[in-house]
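Engineer: Right, I'll just put the structure down here and ask away after.
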Amino acid sequence: MAQFTEAVYTNGVLKPKEELGLREAQRVRLIIEALDDDADRGDRPAALRRLLAGIEGMRFYSPGRLPSRDELHDRP
């Protein structure tokens, strides 16, 4: 049975916010997802630089003639 709860990591130990209902020494599988925004802030400047560099390399133009408004809306 899967359970979802939050925990706090303190002095090398994960402390769940609520009772898990596990027996002593029971083995479990953990998937860790950081909930603090501060944990991701270190990567934000680098991510922004990569985003801006990608946008700068994009080409937002058509090599040929642009269609008229009537052509776009298929008007006779």
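Laboratory data are not the source of any read-out in this text; all were calculated from the coordinates shown. Note that the structure is predicted; figures quoted are calculated from it, not measured. Using ideal geometry, Cβ is built from the backbone for each residue, glycine included, and neighbour counts are taken over all protein chains shown.
Engineer: By how many nm would the segment from ILE31 to GLN3 grow when fully extended, if each residue of separation counts as 0.36 nm and the alpha-carbon distance is taken off? Let's see the in-between values first.
Structural biologist: Working: separation 28, 0.36 × 28 = 10.08 nm, distance 1.11 nm.
Separation in residues times 0.36 nm, less the Cα-Cα distance, equals 9.0 nm.
Engineer: Counting helices only, and only those DSSP H runs with n ≥ 4, report the 222 nm mean residue ellipticity of the chain as the sum of -39,500 (n - 2.57) divided by its residues, in deg cm²/dmol to the nearest 500. All intermediate terms of the calculation are to be shown ahead of the outcome.
Structural biologist: Working: 3 runs with 22 residues, N = 76.
Computed ellipticity for the chain at 222 nm equals -7500 deg cm²/dmol.
Engineer: Moving on. When a footprinting reagent is the concern and you count Cβ atoms within 10 Å, what order do MET58, MET1 take, fewest first?
Structural biologist: Details: MET58 7, MET1 3.
The fewest-first ordering by Cβ neighbours comes to MET1, MET58.
Engineer: OK, next. Residue by residue through the stretch 17-32, what is 3J(HN,Hα) from phi via Karplus (6.51 cos²θ - 1.76 cosθ + 1.60, θ = phi - 60°)? Round to whole Hz and write x for glycine and proline.
Structural biologist: 6, 9, 5, 9, x, 9, 7, 4, 6, 5, 7, 9, 10, 10, 10, 9
Engineer: Right, something else. When the chain is modelled as a GNM with alpha-carbon springs shorter than 10 Å, which of ALA34, ALA25, ALA53 fluctuates the most?
Structural biologist: Comparing ALA34, ALA25, ALA53 in a Gaussian network model of the chain, the most mobile one is ALA25.
Engineer: Oh, and also: Would you please name the GluC sites (Glu not before Pro) within the stretch 1-73 that are DSSP coil residues with at most 12 other C-beta atoms within 10 Å of their C-beta?
Structural biologist: On the way: sites: GLU6, GLU18, GLU19, GLU24, GLU33, GLU56, GLU71; in loops: GLU6, GLU18, GLU19, GLU24, GLU33.
Answer by residue number: GLU6, GLU18, GLU19, GLU24, GLU33.
Engineer: Further question on the same structure: Using just the alpha carbons, could you tell me how many Å³ per residue the convex hull of the chain encloses?
Structural biologist: Working: hull volume 19.0 nm³, N = 76.
Hull volume over Cα atoms, normalised by residue count, gives 250 Å³.
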